[in-house]
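Accompanying notes for the structure given below.
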Amino acid sequence: MRDMPEPICTPNNQQPRPDPNGSLARSQTASHRMLRRGVSRATRLSVASIGVVVLTAIAATSAFAMSTGPAAAFEAKLKPITVASAFVIPPTKRCLSRHELTIQLRTLPHIEWARATITVDGRHFRIVKRPQIMRPIELAGLPDGHVAVSITAKTTTGRTVTALLSYETCVVAPKHITTPVGLGLPETPLPPITPQPSPTPQPSPTPQPVTSAAEGHYTGSDPQDINYGDVDFFVSPGGNLQDVTVELTRLGCTPNREFYNHLEMAEVPVAADGSFSQTTEQEGEIETGYKEFNKGHVTYTFSGHVHGAGKSGEPRIAGVFREDITYDNGMTYTCSTDNQSWTAARDEDQGPASLPAAEGSYSGSDPQDITGGSVDFFVSPAGNLQDVTVKTTRLGCTPSTEFDNHLEMAEVPVAADGSFSQTTEQEGEIETGYKELNKGNVTYTFSGHVHGAGKSGEPRIAGVFREDITYDNGTKYTCSTDNQSWTASRT
């Protein structure tokens with residue numbers, strides 16, 4: 001808008017005295033225009049400044065809302081997992097001695113690893129699943145020369161991270177023996193060798209047959225997973241095998257596929273000649289793939305013989321295990337480990353079982369959640385188990401779904417021979433998903449045996465737990481942990 005001239009006023013609205021030359025009026029008018037332009041410009045600058053402040057505040061508010069709203073949480077949740085944050089990996093510039101490589105997954109907040117798949121030079125090498133996945137992963141028997149290793153880790157929510165590694169195996173230079181030449185030393189003839197009479201052979205002592213196993217805890221390597229798997233059991237005071245566990249079994253199927261499972265037996269009687277063979281069967285929800293569960297029939301076989309002591313004097317027991325599974329998901333599958341041979345030796349420095357069980361608090365790791373779960377209970381003065389708790393139970397269902405629950409029992413009576421087995425049932429509202437509750441029937445089973453003290457003198461109790469749940473939300477679900485083996489020590 002064009003500036004309009006305004007009248008010039010004096011105090012009390014008096015008219016100014018006439019200026020014969022008009023210079024005063026011109027100077028006042030010029031000054032007034034400059035003042036108005038300054039005010040107008042200042043006003044425009046003030047308005048512009050206010051606009052900038054308002055826009056800045058709006059932008060800051062929007063940015064704050066974006067950074068703290070659900071969208072940001074969603075973006076942060078889906079932020080890619082980096083290789084450096086996921087794996088502990090040896091430097092690739094270092095050669096591999098003994099053709100071995102050790103990799104470990106890191107524990108990350110809000111992330112639970114489900115499995116890791118490893119290939120070497122483009123070929124499948126091995127698959128690691130829970131609960132072994134958080135242990136160091138040792139790759140042994142790598143080929144000579146250049147080795148390309150790929151490891152893909154997958155979380156329980158389906159996110160993946162892959163590390164592509166390239167190594168060289170170390171080359172050991174042969175040792176050469178240098179013979180001094182030209183020293184000018186005279187050669188000294190060697191003295192003749194006088195023949196010595198051969199020692200008179202002594203008859204070997206007749207080995208005594210071993211028919212009863214020494215009481216205590218025995219461990220051996222799993223032939224299907226020599227790095228992490230174990231064959232584990234106790235021998236009772238009566239000489240029978242108790243709480244038998246094979247940590248990892250690998251089954252191949254017809255039609256063509258494979259998956260992993262485990263083996264548990266409560267007790268295996270040993271005959272008078274030291275032999276044993278036991279077959280057990282069960283129905284269960286079997287994890288035949290990642291988050292894929294099918295109802296199937298399982299047959300376990302565990303057999304062998306008690307043997308003499310090894311070179312270090314440790315008692316030994318050896319034999320064969322086998323697991324067979326059949327299931328039908330619209331196609332009938334027949335799966336088996338075939339016969340797998342094993343050898344186990346008695347741990348050193350352990351005491352005999354004392355009955356009743358030593359009074360006190362006992363704790364052990366949860367086989368389904370080794371990083372944060374636990375099996376806890378108290379032994380009363382009378383020797384019974386009380387306030388039994390399994391912090392986390394993981395159930396697989398048919399049709400395929402899975403969820404976590406827990407197990408509690410008020411009291412489990414212990415028999416005179418140290419064995420115990422208790423089953424309880426209840427109806428309840430079960431959290432089968434996030435904020436998803438369904439009315440269902442729950443069956444808990446908790447069984448095992450009292451054993452001798454470990455090498456540090458702590459009393460030990462071991463066994464198996466199982467939880468089964470059925471519920472109907474319009475679809476009938478049958479869910480189970482299957483048998484899960486545990487060992488607890490007095491704290």
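In order along the range 153-161, phi translates into HN-Hα couplings of 9, 10, 8, 5, 9, x, 6, 10, 9 Hz, rounded to whole numbers, per the Karplus curve 6.51 cos²θ - 1.76 cosθ + 1.60 with θ = phi - 60° and x for Gly and Pro. Placing unit charges on the Cβ atoms only, positive for Lys and Arg and negative for Asp and Glu, gives the range 369-414 a dipole magnitude near 80 debye about its Cα centre. Here the contact order of the range 343-476, divided by its residue count and restricted to Cα pairs under 8 Å and six or more residues apart, works out to 21 percent.
Taking all protein chains together and a 1.4 Å probe, the residues 164, 407, 355, 437 rank 164, 437, 355, 407 from largest to smallest accessible area. A DSSP coil position with no more than 16 other Cβ atoms inside 10 Å describes the following GluC sites (Glu not before Pro) in the range 288-378: 348, 359.
A Cβ-based charge dipole, computed about the Cα centre of the range 206-315 with Lys and Arg at +1 and Asp and Glu at -1, lands at about 280 debye.
One Cα centroid belongs to the range 306-342, the other to the range 216-294; the line between them spans 6 Å. Local charge for residue 244 was computed over the other residues whose Cβ lies under 9 Å away, with Lys and Arg +1 and Asp and Glu -1, and equals -4.
Solvent-accessible area of the range 447-491 (1.4 angstrom probe, protein heavy atoms only): carbon and sulfur portion equals 40 percent.
Normalised per residue, the accessible area of the range 212-278 is 36 Å², obtained with a 1.4 Å probe and no contribution from ligands, DNA or RNA. In loop segments of the range 293-343 as defined by DSSP, the trypsin sites (Lys or Arg not before Pro) with at most 10 further C-beta atoms inside 10 Å of their C-beta are 311.
The values are calculated or read from the model by the stated rules, or taken from the named source; none is laboratory data. Treat the numbers as computed from the prediction; the structure is a model and nothing was measured. Neighbour counts run over all protein chains shown; Cβ positions are idealised from the backbone, glycine included. Heads up: the accessible areas ignore ligands, DNA and RNA and are worked out on the full protein's heavy atoms, side chains in. Shrake-Rupley method; radii C 1.70, N 1.55, O 1.52, S 1.80 Å.
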